[in-house]
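First up is the structure itself, then whatever we jot down about it.
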Amino acid sequence: MKKSLIALLCAVLLMGSCRSEPSVVPGAPTMVSRSSAARREFMRRTGYPNGRPGYIVDHIIPLKRGGVDAPSNMQWQTDEEAKAKDKWE
């Protein structure tokens, strides 16, 4: 019973998609806290635990547009690409 109630609440809050990773709920405040642990995990998984010269860690789907702050939504992006992306984001 408890699992089905949690699943129902999750489905209602996330409009039918229940994810294991945190998500943005429609109508919720747009300020999203970033996880330094998720960033460090992404860097470790990709073989650059101390960073990658000339690159930044970028969210594929921006946090302010509902992207999750998890390694699965991160990519390496060159500094130049980041500046271009920031202009239209």
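Taken together, the values in this text are just the output of simple stated rules run on the coordinates, not laboratory data. Because the structure is predicted, anything quoted here is derived from the model rather than measured. Cβ atoms come from the backbone with ideal geometry, glycine included; neighbour counts cover every protein chain shown.
Couple of notes before you dig in:
- Extension reserve of the Leu63-Glu41 stretch, reckoned as 0.36 nm per residue once the Cα distance is removed: 6.2 nm
- A cut-off under 15 angstrom between Cβ atoms defines the neighbours of Gly51, and their net charge, with Lys, Arg +1 and Asp, Glu -1, is +2.
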